[in-house]
1. Could you look through the stretch 381-396, keep only residues that are closer than 18 Å to Asp321 by Cα and of a type in the set (Val, Ile, Thr), and pick out the one that is surrounded by the fewest Cβ atoms within 10 Å (Cβ to Cβ)?
2. Listed residues Thr213, Thr244, Thr226, Thr278; which is of a type in the set (Ser, Thr, Tyr), closer than 17 Å to Arg39 by Cα and assigned by TED's automatic domain parsing to the domain that holds Lys66?
3. Cβ contacts < 6 Å: first residue more than 14 Å from Val234 (Cα to Cα), restricted to the stretch 65-94; second residue within 15 Å of the ligand (Cβ to nearest atom) and among the small types (Gly, Ala, Ser), any location; separation 6+ or different chain. Result?
4. Would you mind stating whether Ser296 is at pLDDT below 80, closer than 21 Å to Asn384 by Cβ, surrounded by fewer than 16 Cβ atoms within 10 Å (Cβ to Cβ) and not aromatic (Phe, Trp, Tyr)?
5. Would it be correct to say that Glu110 is charged (D, E, K, R) and within 25 Å of Ala247 (Cβ to Cβ)?
6. Collect the residues in the stretch 1-35 that are within 13 Å of the ligand (Cβ to nearest atom), of a type outside the set (Val, Ile, Thr) and not in a loop (DSSP other than H, G, I, E, B), keeping them in residue-number order.
7. Filter the stretch 93-104 down to residues that are surrounded by fewer than 22 Cβ atoms within 10 Å (Cβ to Cβ) and within 13 Å of Phe32 (Cβ to Cβ), then give me how many there are.
8. Inspect all residues belonging to the stretch 237-252 and state whether any of them is of a type outside the set (S, T, N, Q), more than 9 Å from the ligand (Cβ to nearest atom), assigned to a loop (DSSP other than H, G, I, E, B) and within 18 Å of Arg269 (Cα to Cα).
Amino acid sequence: MNAVIRVIHGDCLTQLPKRDEAFSLIYLDPPFFTGSVQRSVTRDGISEYSYDDSWPSLTSYLDYIKVRLEAAISVASSSASIIYHCDWRTSHHARRLLEELLGPEHFRAEIIWTYRRWSNSKRGLMPAHQTLLWFSMGDDYVFNQTYEAYSPTTNVDQLLQMRTRDERNKSVYALDDAGSVVPNGVKKGVPLSDVWDIPYLNPKAKERVGYPTQKPVALLSRIVKTFSNIEDLVLDPFCGSGTTLVAAQMLGRAACGIDANKDAIEICRRRLEQPVITQSRVLEVGRESYRREDDSWTSFLSGLAVTPVHRNSAIDAVLKDGHLGLPVLLRVQRAGESIAELRAKMRAVVQKKQARVGFVVQTEPSSQSSLFNTALDSSVFVVNSASNEIRIILAGLDAESHSEMKRGASEEDCCSAESK
Ligand SMILES: C[S@@+](CC[C@H](N)C(=O)[O-])C[C@H]1O[C@@H](n2cnc3c(N)ncnc32)[C@H](O)[C@@H]1O
């Protein structure tokens, strides 16, 4: 697939390609009206990029957007989709604007792009979504259906059995003449919904180029795949670092990107030459996979209030309340794992994360278990039954100073508890 990708520097109001080119998909991701300069640095910390997102007033912002939206719409094909990316600040204004320009009957959906974020201490609800307004130019638009995995709570009958309606029009499982269930064949999954759970790029993702408000290729790939066909023409009038162009190139669509920022254009060109895409495991196998892969350890921590940690081989969970304001880390031994190795790994993590203490919960018998807790190291303890022993040891840590611990005071608690 060798689709032509064009990158144009300038204001999208004046730099749009000629009207004889009709675009099948127009994705617009303009500044969000944040009222500040958007800045970001590259992963190596060497370069900083920015664009201005401050405006004298909401009216001046909406006027700016409206004329550019009109211009973009003027180069759309009669079957094109328009995807307008915004957030809580202006989604209601943008919808009105689009309805005014395209007609309310051409509104197709409000797509919520949701992602997980680190918590902050702000009072109120933490924003964890952005909005994609989908409008079409007419009734004959491209929509390539895709299917998502069933939720883990889906009942096996729902997957395997045919449904029908009863006399009260209620959905029920179908039965044949002999009263047996009717198989449903192979189901593809659940049709794509209007809530898209796609991870935001994490600060260390290789895909991150350091351009502010860079969107993930995974998000743009879904948009391009869903609303256009191979060899269709895609337009991004506010292309920034060129995420849409990378997705279009990868998926065999021709595309044109415009940006007023010279840095953005340079980044786009570099990115198109050597695209880097971070694969999202959450997208490939689902967020639940982190949890379901191996949760045998959870039963060993019952009775303790913990937050599970899913992506660190040295830790299974952290104690919710910590201890004296510091984290307490927990790891449960799996079949065949060496306690000595787990202990060494835990010690390293305790140091690195500046945790108060780490516990390795031993689940397999060992004649040497009591040797693991030494008077010289009170940063990691090996315990058998997590909840009781951990409480005893933490109580010991409460009572004694860290240096006293080193002299072995509470070590005895630990070792004696372990050998019970
Ligand atoms: C939200 S960012 C786009 C980010 C992009 N989707 C990405 O993944 O990197 C908005 C972009 O609009 C550009 N911009 C603002 N006004 C513009 C205009 N009149 N014409 C073209 N680009 C403009 C800014 O320079 C900025 O790069």
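1. Ile392
2. Numbers: Thr244 fails: closer than 17 Å to Arg39 by Cα; Thr226 fails: closer than 17 Å to Arg39 by Cα; Thr278 fails: closer than 17 Å to Arg39 by Cα.
From the options Thr213, Thr244, Thr226, Thr278, the qualifying one is Thr213.
3. Close Cβ pairs satisfying both conditions: Cys86/Ala94.
4. Values: at pLDDT below 80: yes; closer than 21 Å to Asn384 by Cβ: yes; surrounded by fewer than 16 Cβ atoms within 10 Å (Cβ to Cβ): yes; not aromatic (Phe, Trp, Tyr): yes.
Here the answer is yes, as Ser296 does meet what is asked.
5. For Glu110, the condition - charged (D, E, K, R) and within 25 Å of Ala247 (Cβ to Cβ) - is met.
6. The answer is His9, Cys12, Leu13, Gln15, Tyr27, Leu28.
7. Looking only at that region, the number is 1.
8. Taking every residue of the stretch 237-252 in turn, at least one turns out to be of a type outside the set (S, T, N, Q), more than 9 Å from the ligand (Cβ to nearest atom), assigned to a loop (DSSP other than H, G, I, E, B) and within 18 Å of Arg269 (Cα to Cα).
The values are calculated or read from the model by the stated rules, or taken from the named source; none is laboratory data. Computed from a prediction, not measured in an experiment: that's the story for all the values here. Methodologically, a virtual Cβ is constructed for each residue, glycine included, from the backbone with ideal geometry; neighbour enumeration extends over all protein chains shown.
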